[in-house]
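First comes the structure, then the notes that go with it.
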Amino acid sequence: MMSELSIDPQVLKALVNTTMPYGKFSGALIADIPEHYLVWMARTGFPKGNLGLLLSLMYEIRLNGLEYLLKPLRQGQFTTENKHY
């Protein structure tokens, strides 16, 4: 029996509303961080906490070609809601 994967919609929204707080892509939305950087982070280790969760989720989304899941969420982006972690 296969179990369904359940992802909190708020976490997906956070990918298109949260900016990277430091590093080479500081200020970029997590959803816009290039794949090569996510691959590098996966190899070296994601940061702890919520930021690491978001980065690892974005890595998995890219790895599995699921970016289309974020398109409807991007339509509702508001710059005043962007968050830093």
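The values are calculated or read from the model by the stated rules, or taken from the named source; none is laboratory data. It should be emphasised that the depicted structure is a prediction, and the values quoted were computed from it without experimental measurement. Neighbour counts run over all protein chains shown; Cβ positions are idealised from the backbone, glycine included.
What to note about this one:
- In a residue-by-residue description of the stretch 54-66, the property of being over 10 Å from the mean Cα position of the chain (by Cα), surrounded by 10 or more Cβ atoms within 10 Å (Cβ to Cβ), modelled with pLDDT under 90 and part of a helix (DSSP H, G or I) applies to no position.
- Lone unmet requirement of (1) free of Cβ contacts under 8 Å to residues at least 60 places away in the same chain; (2) under 13 Å from the mean Cα position of the chain (by Cα) for SER26: (2)
- Answer residue from the stretch 67-85, given it is among the polar types (S, T, N, Q) and surrounded by 10 or more Cβ atoms within 10 Å (Cβ to Cβ) and is modelled with the lowest pLDDT among those: ASN82
- Residue ID - nearest to ASP8 (Cα to Cα), chosen from residues in the stretch 22-53 that are in a helix (DSSP H, G or I) and among the aliphatic types (A, V, I, L, M): LEU53
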